[in-house]
Amino acid sequence: MRKVRQALWRKLGWLCVTLRTWRFQTGVGMSDPQAKSGGISRDMVMMVVALTVVTVIAAALLGLTDKFTREPILAAQREMLHRSLGQVLPPHANSPLDETIDIKTATGTRTVYVARDAQNQLLGFAWEVIAPDGYSGSIRILMGVLPNGAVHAIRVTDHRETPGLGDGIVRNQPWLDFFSGKTTSNVRWAVKKDGGDFDQFTGATITPRAVVKAVHKGLDFFAAQHDALLAKAAGK
């Protein structure tokens with residue numbers, strides 16, 4: 001919303017400059033002395049005031065829209081994440097959304113969601129990884145991992161891949177299921193075209209390659225933070 005308001009103000013400035021230039025060149029709405037000196041007529045002032053009022057009202061309406069839609073949007077996003085966590089983690093009794101661990105990495109802070117059973121026993125962890133090298137842009141992936149370091153499941157939560165080709169990363173369930181049980185050492189983390197064990201899609205190799213690479217890096221993160229995650233999950 002802030003960017004939209006900034007764009008409206010830039011538009012107003014451009015209109016004012018354009019209007020002043022046009023009237024100076026044509027002399028429309030100005031007396032002869034004004035046309036010669038580049039002065040601004042009363043009509044021009046009124047037009048600028050009108051444009052300003054319209055812009056302010058538009059910005060206010062956008063602000064109100066943002067205010068009244070922000071909470072529903074956040075609630076919908078939370079519900080979507082809740083459902084996705086249920087898909088990548090083992091059946092659990094707690095709310096992983098409400099039990100998180102923040103791990104500092106070289107690129108920032110990563111939020112890890114914790115799953116427990118009814119006896120408060122640790123079942124697994126989940127976090128988001130991003131594949132920056134998809135065919136049509138970044139691919140966001142939620143991955144669930146068991147305490148022993150094996151993938152429980154993955155789900156692609158956002159992508160812009162080509163329908164019918166690269167979007168197999170969300171439609172091809174057998175391909176997604178192949179990640180289950182995989183660790184850093186029991187599979188070759190590459191598509192078959194690159195000498196690995198993961199299938200690529202017909203006419204689309206870049207997309208599955210990007211996902212496989214991102215999930216592999218996610219497991220590397222877990223291996224590096226394994227002890228810290230277990231300690232924090234145990235409350236130490």
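The values are calculated or read from the model by the stated rules, or taken from the named source; none is laboratory data. Owing to the predicted nature of the structure, the values given are computational and were not obtained by experimental measurement. Because the Cβ atoms are built from the backbone with ideal geometry, glycine has one as well, and the counts that use them run over all protein chains shown.
The number of residues in region 190-236 being touching a Gly at 6+ places or on another chain (Cβ under 6 Å) and modelled with pLDDT under 95 comes to 2. Within region 59-118, being of a type in the set (Gly, Ala, Ser) and farther than 19 Å from VAL151 by Cβ holds for ALA59, ALA60, GLY63, ALA75, ALA76, ALA93, SER95, ALA106, GLY108, ALA118.
One residue stands out in region 99-131 among those that are under 20 Å from the mean Cα position of the chain (by Cα) and without any contact (Cβ under 8 Å) to a residue 12 or more places away in the chain: the one that is surrounded by the fewest Cβ atoms within 10 Å (Cβ to Cβ), namely ALA106. With respect to the conditions (1) more than 19 Å from LYS213 (Cα to Cα); (2) in contact with a Lys or Arg (Cβ under 8 Å, 6 or more places away or on another chain); (3) modelled with pLDDT under 95, LEU122 lacks only one, and its number is (3). May I ask you to list the residues in region 178-210 that are closer than 15 Å to VAL88 by Cα and free of Cβ contacts under 8 Å to residues at least 24 places away in the same chain? PHE178 - this is the single residue of region 178-210 that is closer than 15 Å to VAL88 by Cα and free of Cβ contacts under 8 Å to residues at least 24 places away in the same chain.
Let's see how each residue does on (1) among the aromatic types (Phe, Trp, Tyr); (2) surrounded by fewer than 16 Cβ atoms within 10 Å (Cβ to Cβ); (3) in the same structural domain as GLY124 (by TED's automatic domain parsing); (4) not in a helix (DSSP H, G or I):
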{"position": "TRP175", "(1), (2), (3), (4)": "yes, no, yes, no"}
{"position": "LYS193", "(1), (2), (3), (4)": "no, yes, yes, no"}
{"position": "GLY196", "(1), (2), (3), (4)": "no, no, yes, yes"}
{"position": "GLY218", "(1), (2), (3), (4)": "no, no, yes, no"}
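Taken across region 142-163, residues that are in a strand (DSSP E or B), touching a helix residue (DSSP H, G or I) at 6+ places or on another chain (Cβ under 7 Å), farther than 17 Å from GLY86 by Cβ and modelled with pLDDT of 95 or more do not occur at all.
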